[in-house]
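Here the structure is laid out as structure tokens; the discussion comes afterwards.
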Amino acid sequence: MSRLKQELYDTFGGFADKRITNISSGKIFIVDDRKEGDFGANKRLYSTFCQILATVIDENTVTVDLRGNVPDSERVRKVIEELGGAFTESGASLTIARGEQGGLFNLSRAITAITGKRYSVASYKYVCPRTAKSLRHLMGALNKAWREDP
């Protein structure tokens, strides 16, 4: 059984596809803090929401994808590049290997710093703190899954 998948499953309430309950079958987790109020009448997330998905590649590697209203600044781009990730037209993607999960804290700090000065995207007032908090929550789950003691 995968310790990493089990920790993410327990922390985030299951896989992104709620029909999957077998740990060996699923690999994608919704790690943002979405709530009922984040969806419009059409049952889709509001365009001002930053979606965060974690995909388990293997027991020591996770891909993190940010989609939608991804907080963007020079510092955020720099941290993502330092983590080996990249911004694309649809968002940002990065790979976190065991021992590198502290990079998520650096990314959360860079996102939080956006609202510490003037910013041009009004929704950042809400998006940046929520996105940063979700990244720290993911980092905590990875720390727990990847701790050295069995």
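The values are calculated or read from the model by the stated rules, or taken from the named source; none is laboratory data. This is a predicted model, so every value here is computed, not measured. We place every Cβ from the backbone using ideal geometry, glycine too, and count neighbours over all the protein chains shown. The area values use the complete protein model at the heavy-atom level, side chains included, leaving out ligands, DNA and RNA. Shrake-Rupley method; radii C 1.70, N 1.55, O 1.52, S 1.80 Å.
Considering only the other residues whose Cβ falls under 14 Å of the Cβ of Phe15, what net charge follows from Lys and Arg at +1 and Asp and Glu at -1?
That works out to +1.
Taking the Cα atoms of region 85-150 alone, what are Rg (to one decimal) and Dmax (as a whole number) in Å?
Considering region 85-150 through its Cα atoms, Rg and Dmax are 13.7, 47 Å.
Once R0 is set to 25 Å, what does the formula 1/(1 + (r/R0)^6) return for the Cβ-Cβ distance between Ser73 and Ala97, expressed as a FRET efficiency to the nearest 0.05?
Computed FRET efficiency for Ser73 and Ala97: 0.50.
Under 14 Å between C-alpha atoms is the cut-off here; go through the chain and count lysine pairs that meet it, provided they're at least eight residues apart or on different chains.
Pairs that pass both the separation and distance tests number 6.
Which whole-Hz ³J(HN,Hα) couplings does region 84-90 yield from phi under the Karplus relation 6.51 cos²θ - 1.76 cosθ + 1.60, θ = phi - 60°, glycine and proline marked x?
x, x, 7, 8, 10, 4, 9
Near Arg44, within a Cβ-to-Cβ distance under 12 Å, what is the net charge of the other residues, with Lys and Arg +1 and Asp and Glu -1?
Here the charged neighbours net out to +1.
Could you sort Arg118, Arg34, Arg136, Arg19 by their accessible area in this structure, using a 1.4 Å probe and putting the largest first?
Arg118, Arg19, Arg136, Arg34
Helix 102-114 versus the longest principal axis of the chain: what is the Cα-based angle in degrees, 0 to 90, to the nearest 10?
20 degrees
With every protein chain present, what is the per residue accessible area of the chain (1.4 Å probe, Å²)?
Per-residue value: 57 Å².
Treat each spin label as a single point 7 Å out from the Cα along the C-beta direction, and report the Glu82 to Ile28 distance in nm.
Reported label-point gap for Glu82 and Ile28 is 3.0 nm.
May I ask you to give the percent of accessible area on region 61-104 that is carbon plus sulfur, with a probe radius of 1.4 Å?
With neighbouring chains kept in place, the figure for region 61-104 is 43 percent.
Measure out, as a whole number of angstrom, how far apart the alpha-carbon centroids of region 78-150 and region 2-51 sit.
What the calculation gives is 17 Å, centre to centre.
Debye sum, Cα scatterers, the chain, no solvent: what log₁₀ I/I(0) at q = 0.12, 0.13, 0.16 1/Å?
-0.49, -0.57, -0.86
How big is the dipole moment of region 27-150 about its Cα centre under a simple scheme where the beta carbon of each Lys and Arg is +1, that of each Asp and Glu is -1, and everything else is neutral? Debye, nearest 20, please.
The dipole of region 27-150 has a size of about 560 debye.
What angle do you read, to the nearest 10 degrees and between 0 and 90, between the alpha-carbon axis of helix 3-12 and the longest principal axis of the chain?
50 degrees
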